[in-house]
Amino acid sequence: MAKTNYMRLKGSQNLRLRLLLSTLSSTPIIIDDIRADDTWPGLRPHEISLLRLIERPLIVLGLFGKKPLSIRLKGITNDSKDPSVDTFRSTTLQILKRFGVPAEGLELKIESRGVPPKGGGEVILSVPIVRDSLTAVNWIDEGMVKRIRGVSFSTRVSVQFENTVIHSSRGIFNRLLPDVHIFTDHKAGVQAGNSPGYGVSLVAETTSGCYISADTVVSYARKEETADMEDDEKMDLKPPEDVGVEIASALLGEIEQGGVVDSTHQGLLFLLCAFCPQDVSKIRVGKLSPYGIETLRHIRDFLGVKFAIKPDPSTGTVILKCVGCGLKNLSRKVS
Amino acid sequence: MAAIGEEQSHKAHRSRQAGPKKKGKASKKKKGQNSEDNKNQSQNPKAFAFRSNVKAKRLQSRAVEKEQRKLHIPTIDRSTGDPAPYVVVVQGPPKVGKSLLIKCLVKHYTKHNLPDVRGPITVVSGKQRRVQFVECPNDINAMIDCAKFADLALLLVDGSYGFEMETFEFLNLMQAQGFPRIMGVLTHLDKFKDVKKLRKTKQRLKHRFWTETKEGTKLFYLSGLIHGKYHKREVHNLARFISVMKFPPLSFRGSHPYVLADRFEDITPPEKVQGDKKCDRNVIIYGYLRGCNLKKGTKVHIAGVGDYGLAGITSLADPCPLPSAAKKKGLRDKEKLFYAPMSGVGDLLYDKDAVYININDHFVQFSKGADENGGTASQGKSRDVGVELVKSLQNTKYSIDEKLEKSFINLFGRKLDNLEVDASVAEHQSCKDDEGVGSDEESGDDDMDDPGSSDDDVNVEGNGTMETQADDASDDEQEDLRGNFEEQLEFHNGRIRKKAIFGNEENEADEQVSDEDGGDDDGEDDNGEVDEETSGSDYSEDDETDEDMEDGGMGNAARWRESLLDRTVSRKNTNLMQLVYGTSTSKLAPDMSEQQRSSDDESEDDEFFRPKGEGSKPSQIADSWICTSTFLWKQKFTEGVDNGNVDIRDDETDEATEPKTERNKANEGSFFEKLKEEIELRKQMNLAELNDLDEATRIEIEGFRTGTYVRLEIHAVPYEMVEYFDPCHPILVGGISLGEDNVGYMQAKIKRHRWHKKVLKTRDPIIVSTGWRRYQTTPVYAIEDRNGRHRMLKYTPEHMHCLAMFWGPLSPPKTGIIAVQNLTNNQASFRITATGDILEFNHATKIVKKIKLVGHPCKIYKKTALIKGMFTSDLEIARFEGAQVQTTSKIRGQVKKAAKDVIGGEKSKKGAMSEEGIARCTFEDKILMSDLVFLRAWTQVDVPRFFTPLTTALQPRDRTWKGMKTVAELRRELNLPVPVNKDSVYKPIERKPRKFNPLVIPKSLQAELPFASKPKDIPKQRRKPLESKRAVVIEPHERRTLTLIQHLQRMRHDKEKKRKQKEQEKRKALEAQKAKEELISKKRQREERRDRYREQEKLKKKMRRTAGD
């Protein structure tokens, strides 16, 4: 056999996505120039261990494993950057089910929560394996929002914060829709992790079974980031009323954008479409998020799957079509 | 193994001597004989109605089960449009008439005489069907490959000789590929003079064929030759059968694209070849795409050569198209096309070192001279003087212009690239051009019909050179063209084209890369909108050129990117602008000047640096929501505030009703029907969605469709492939899907073929064929024990499946696998050694074998012993702490620890024991010094990480490929004896009777023992006692007394018995009496109790009442 041909990539972006795609497409990769111009070149501490908490890579990887995956993840469960565990539960898993992932065995159990800077959360993620491959979807009907659900949480702070958040966000939704329920999940003691914080995750469910989510967390930021950029607004946390209004507006913003998933889940949606068998998948998303665009590019590079992208000016959404790469769960043992 | 060279003797089959099987056969025969009688007798239909309920039920369930067993999971057929020609492989042992059959069939279809059968021959056989005939060479490698692409196999058998091994080998090869259709053809039947013998032979062969395949498989008889051809009628019949054949979908082929090359060209620049004859070559392979869609960037495996990336794919006009759909019966003569470039009938003729372009005319066979040094000398036996003359003329011309011609070929490759730019417009024409007809406007495919094209090769070459000039000139024009045909260019772009574009623009691109990299570093995951440069431009040339073109101005932007841009623009126009500002700015018209783009980028960038968790700027949205009218929002929700409840209910009812209707549907049709329907639906949807798109995008998205005629460009192929190219050996190019180019361990379930004479030995190299590949590897055989352990086997079981673990390029589970050991063609024996399929692949093996560690005690305490010789170091002992051990006398024990301190103590005493690896073990009883101690364990077996792909296409075809040799072969070659372990030699076992020493109890101990336990010292008697010498006889008196006593005892026993019986009876009666009385008393007691309770209750009530009052 010839020498291994590596795919050469540059930069630190989308490290997880690249690792995922290279694993599933079994393409060897070399990533150069990771933060070459930075003060501290190379990988950050959190990137050195391959899998961080609540990574979408893991859930997609788990689908194509040899045996069903069950893993206990520790660290930060709710963060202002990545989607929180609640969103993961309410939305991400629902998206997977659309693609023919068996519902049993697919779950996320929150043992305890952890917010930045210290984390201390713990969840158990279990992912089943797909029997053969995913199923292609035709998912362009976004429907209308019929109910809004949500989970708010607070760790090491008073429940009152949650109530205020819920109250203020309900204030916005109630003018549009009566079916709004936001549950509180106050954690205390060991279950509350190591640092104080509170937040909320909202999900809008539409008549056609789409789940659109938005979430936020209020907590002290992690140290290395504060050192980088936010020294002026340091320790300046928002009051809960504003948080409630903001998150409600954020959800409304996501709904406004249209599409069958919200902007944070676009990447995952594209990935799943690309992994489908060689059938046409058709999906509708709102404005393409930068992460989604990046994902699309990587999918093309690794899997050779291109999407036909067509804007739908009447609704301001984008319709994407693709033929999957026909990825099969080859590692599964045939009996 | 004592008998390595000899055949293994098998137990012969013994037919049943008794029992139901024997009876069954006999009675069946009888039944057949007097079926007439039965018919007469069994007129009463009632007699055969079910008499037993159970039997009826059983029969019914059996019928249902049979029906279910017929069903297969429906598979989706993703191919659309005209299917590729079906491959009909004609296979058989040598000298059986394969070529003649193909010639006859081609003659039947096209009315043309085929001079020579080389390579695939495509024929339009009907309005809807094309057929590609391939002759399978008599070589196991070619047979393996042929089985991989055959849709139908015609197995030719010499009727006068009988079946040969090749036929059965081929059957087995096909079985591993999912069993394509087969038809047997018997030839050489004219050698039989005796009609009866002929009939008998036919019958016999047919039945033999059926046992190997299945009852009712078609076997054709070609009875003889007329004018050197088979009977027209028989060929006609055979053709009819071929044309109505239906082909089942095969799973491996359905999921992998593959191309059977019907044209092969070397396009290496001639300067390079002249410089180094053995330089790597660039080749082009033409053929119909089969299997599934082929995407750009797919890797391919060329059978017998290796894995290569595709440097370019282009779809060409079909050289042998189906007739246009018109309402008429049958085919017109003009539509009876056929295409066989390798056979020399098309337009190209292949020789060893050159390709000749041949304007072919069968009626005037002058251009045959071209391949005089080829194999067609036998064709023209009697030549005219004129013909001779023309041929000689032709010959001289070729030799002069040889170099020119070479250059033509090269240019032709380039030319194709350019022409493909406007492929969508004039693909057909381009195809014509490369066939060299040039000015002729008639389609190149029909050229066997037009005798006018007999103008010779000078003309062609002239054309070629002219083309080159035009080529150079048109290079510039190409630039302009690109503007118009940008979409085609994106994927049709040839390699050379791109290189020309590079130059000074490259630097710019690089600069930009660095710029943008610097700018983006902060924003970890979110980099800018269209700055693809950051996402690694180094790895693929495609990208680079894309960027170049974009930077260069416009035009050639990737379509994908373009649409992205479009979208961002439109997005800006529609929702984003509206949402944020409430007014639309019309300054962003969708023209794509560089400046515009950069401004786009900036604005995008602004947006992308927002925190990710929050969809878009929330405060702004909130504002907008407050400011703008709420009705905009309400569109997105199911209801307004006021009538909310009603709507919700509606939703719920909807939800509730939906599944119900679905369920109803499910009940109507069976599960199977539903599945089929679903698949049909999906297929229709795919078609509809893909047909929406324009051609270029469609190809980008789904790849080239099956059935298209494609041109695959492959670079850096070893020169041997060109050097030893033989058109008679088909070239198979198979696509490799994701993950299949990796190397790893595979586990297969295999079974030694029952006709292979020996069992297979672990680690003996075998040649494995799975997927598209053939490679030699060294498997380790194993079998799964009841507890899931994979135990290594030294040899495969004789008649059972076993697991084989081997290293090699991965192929997906469920793929068939064929193992061969011997590739020589001149051996009579059956060459297929094993068959099976892949179970799974793994990156680690877990095969274990037994290991027995033996030691002996060096010191024994009570139940503890120090064991020596079992381990070599203390580290080993640490590994085995707690392991079970056993002595030969079955005393069980356990390994405790390394016996260091004890030895150390002894050491100080003796100063001799200084070795490591002495273990302290405890046993359930004291062991003896003479005992051996065993430790039974399992040890991991390593599977050798070895495989070599078979490069049979890179060597002369008649030479057998040589790979790794087996140990036995090496021994035979080097004349080495089989090493014999002395301990393993069987010897007669001698067991001496064991002598035990007498038990001696010390005097002091004896004194303390109680008398009973004391050994009694009985003095030895000199003479035997009298009792042992004499017999004792009873006296008559004694006898009488004895009988009397016996009688008396007997009487007493009798009396006792009677008394006991009487007593028992009495007791029984008494018990019955007692029971009766008890019953009565119980009854009475109950009555009493009831009365008492009633009284009490009354009293209580009264009390309560009084208390209540």
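Coordinate-derived values only; no laboratory data. All values reported here derive from a predicted model rather than from experimental measurement. Using ideal geometry, Cβ is built from the backbone for each residue, glycine included, and neighbour counts are taken over all protein chains shown.
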Inset, instruction - Report the full-extension gain for the segment B:R1059 to B:K850: residue separation times 0.36 nm, less the Cα-Cα distance, to one decimal in nm. - result: 68.0 nm
Inset, instruction - Could you please state, rounded to a whole Å, how far the C-alpha centre of the stretch A:95-128 is from the C-alpha centre of the stretch B:171-194? - result: 59
Legend entry - For the stretch A:88-94, 3J(HN,Hα) per residue [Karplus equation, 6.51 cos²θ - 1.76 cosθ + 1.60, θ = phi - 60°, Hz, x = Gly/Pro]: 4, 5, 7, 10, 4, 5, 5
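How big is the charge dipole of the stretch B:53-117 about its Cα centre, in debye rounded to the nearest 20, if each Lys and Arg gets +1 on its Cβ and each Asp and Glu gets -1 on its Cβ?
540
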Legend entry - In Hz, Karplus ³J(HN,Hα) per residue of the stretch B:714-730 (6.51, -1.76, 1.60; θ = phi - 60°; x = Gly, Pro): 10, 9, 6, 8, x, 5, 4, 4, 6, 4, 9, 5, 9, x, 6, 8, x
Inset, instruction - Please report the relative contact order for chain A, taking Cα pairs under 8 Å with a sequence separation of at least 6, and give it as a percent rounded to a whole number. - result: 18
Inset, instruction - Assuming R0 = 22 Å, can you tell me the calculated FRET efficiency for the pair B:E1008 and B:R892, based on Cβ-Cβ distance, to the nearest 0.05? - result: 0.05
Legend entry - Under 5 Å, built H, 5+ apart or other chain: amide partners of B:Y86: B:R130, B:V131, B:Q132
Inset, instruction - Please give the net charge around B:P812, taking every other residue with its beta carbon less than 11 angstrom from that of B:P812, where Lys and Arg add +1 and Asp and Glu add -1. - result: -1
Legend entry - In Hz, Karplus ³J(HN,Hα) per residue of the stretch A:206-212 (6.51, -1.76, 1.60; θ = phi - 60°; x = Gly, Pro): 9, 5, 9, x, 8, 10, 10
Legend entry - Pairs beyond 18 Å (Cα-Cα), from B:K757/B:K982; B:K859/B:K992; B:K749/B:K814; A:K328/B:K814; B:K272/B:K299: B:K757/B:K982; B:K859/B:K992; B:K272/B:K299
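I need to check one value: relative contact order of the stretch B:195-284, counting alpha carbon pairs closer than 8 Å and at least 6 residues apart, in percent.
14
Strictly greater than 27 Å: what percent of every Cα pair in chain A meets that?
Looking at chain A, the distances longer than 27 Å represent 48 percent of pairs.
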Inset, instruction - Rank the residues A:F302, B:F133, B:F48 as a footprinting-exposure proxy: fewest other Cβ atoms within 10 Å of their Cβ go first. - result: B:F48, A:F302, B:F133
Legend entry - Out-of-range pairs (alpha-carbon distance over 18 Å; input B:K852/B:K890; B:K111/B:K218; B:K863/B:K890; B:K863/B:K896): B:K111/B:K218
Inset, instruction - Find the eigenvalues of the gyration tensor of the Cα atoms of the stretch B:214-308, then list the square roots of 5 times those eigenvalues as equivalent ellipsoid semi-axes, largest first, in whole angstrom. - result: 40, 23, 11
Legend entry - Cα centroid separation - the stretch A:277-330 against the stretch B:685-711, whole Å: 16
Inset, instruction - Provide the net charge surrounding B:I1001, with neighbours chosen by a C-beta distance below 15 Å and charges set as Lys +1, Arg +1, Asp -1, Glu -1. - result: +1
Inset, instruction - Can you pull a Stokes-Einstein diffusion coefficient for the stretch B:983-1078 at 37 °C (0.692 mPa s), Rh from Kirkwood over Cα pairs, as a whole number of µm²/s? - result: 141
Inset, instruction - Figure the gain on full extension for B:E1087 and B:R879 (residue separation times 0.36 nm, minus the Cα-Cα span) and round it to one decimal in nm. - result: 66.8 nm
